[in-house]
1. So B:Ser15 clears everything in (1) open to solvent by less than 10 Å² (accessible area, probe 1.4 Å); (2) touching a helix residue (DSSP H, G or I) at 6+ places or on another chain (Cβ under 8 Å) except one condition, right? Which one?
2. Any idea how many residues of segment B:24-82 are at pLDDT below 90, of a type in the set (D, E, K, R) and closer than 21 Å to A:Lys37 by Cα?
3. If we keep just the residues of segment A:53-75 that are open to solvent by 60 Å² or more (accessible area, probe 1.4 Å) and not in a loop (DSSP other than H, G, I, E, B), which is farthest from B:Phe108 (Cα to Cα)?
4. Just for segment A:1-31: of the residues that are at pLDDT below 90 and under 29 Å from B:Gln6 (Cα atoms), which one is farthest from the chain's Cα centre (by Cα)?
5. Within segment A:20-52, count every residue that is open to solvent by 40 Å² or more (accessible area, probe 1.4 Å), assigned to a strand (DSSP E or B) and facing another protein chain (nearest Cβ under 10 Å).
6. Filter segment A:32-66 down to residues that are of a type in the set (Ser, Thr, Tyr) and over 10 Å from the mean Cα position of the chain (by Cα), then give me how many there are.
7. Is it the case that segment A:85-104 has a residue that's under 13 Å from the mean Cα position of the chain (by Cα) and surrounded by fewer than 18 Cβ atoms within 10 Å (Cβ to Cβ)?
8. Any idea which of A:Gly55, A:Gly106 is touching a residue at least 12 places away in the same chain (Cβ under 8 Å) and at positive phi?
Amino acid sequence: GENVEQHPSTLSVQEGDSAVIKCTYSDSASNYFPWYKQELGKRPQLIIDIRSNVGEKKDQRIAVTLNKTAKHFSLHITETQPEDSAVYFCAAHFSGGYNKLIFGAGTRLAVHP
Amino acid sequence: GAVVSQHPSWVICKSGTSVKIECRSLDFQATTMFWYRQFPKQSLMLMATSNEGSKATYEQGVEKDKFLINHASLTLSTLTVTSAHPEDSSFYICSARDPGRHRNEKLFFGSGTQLSVL
């Protein structure tokens, strides 16, 4: 079935450290993997995404890696700052039907000054 | 990115009443919109896919008679929670794609509706 698993559920780091969040997906046909950041009471905001024809993508302090063989993808945040504190969701695009996105359970990241 | 507007942002209602939530694509046409529900400190769970001019497609375990979806135009989808009960209290959020300007997979979210049923 359609499933996205995300770990860890909570992550606490010191300012300036790196943070890594990992996800796995079930459908080998999935070809699009976005990451969303959600602050308390607000809508999810797309921060980075990657397609299956690319192994890695970077945007300033944020990078995403994809291993299609293992069906793993990860979010890497370097030089973390307190404003990075939020809940991060990974998602995978399932191509059947209406191209829906299924989300992971979320990771609550806390960056301490 | 594309703009998705959702109203109301919060609603409090009595048990047994119905609540309608609107989702609009402001600067693009959306033939498909998605409705998610999010309980506190949990993930976004897809409830249904709203299709313009046809019936919605519901995810397993979501009662279609309880959560009525209407997608009457290319810019508006509505979710009606019928005979709401306290267990329906949740954050409901819609999303849509703008295939005209973005690759087909990118989702843009509305601001969400916090529903509290007393």
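1. Condition (1) is where B:Ser15 drops out.
2. Qualifying residue count for the region: 1.
3. A:Asn67
4. Taking the candidates together, the pick is A:Glu2.
5. Number of matching residues: 3.
6. Taking segment A:32-66 and keeping what is of a type in the set (Ser, Thr, Tyr), we get A:32, A:36, A:52, A:65.
Subset that is over 10 Å from the mean Cα position of the chain (by Cα): A:32, A:52.
Of the residues in that region, 2 qualify.
7. The answer is no, given that none of the residues of segment A:85-104 is under 13 Å from the mean Cα position of the chain (by Cα) and surrounded by fewer than 18 Cβ atoms within 10 Å (Cβ to Cβ).
8. Selected residue: A:Gly106, the only one of A:Gly55, A:Gly106 that is touching a residue at least 12 places away in the same chain (Cβ under 8 Å) and at positive phi.
The values are calculated or read from the model by the stated rules, or taken from the named source; none is laboratory data. The model shown is predicted, which means the values in this text are computed figures rather than measured ones. FYI the Cβ positions are ideal-geometry reconstructions off the backbone, even for glycines, and counts take in every protein chain you see. Accessible surface areas use protein heavy atoms only, side chains included; no ligands, DNA or RNA. Shrake-Rupley method; radii C 1.70, N 1.55, O 1.52, S 1.80 Å.
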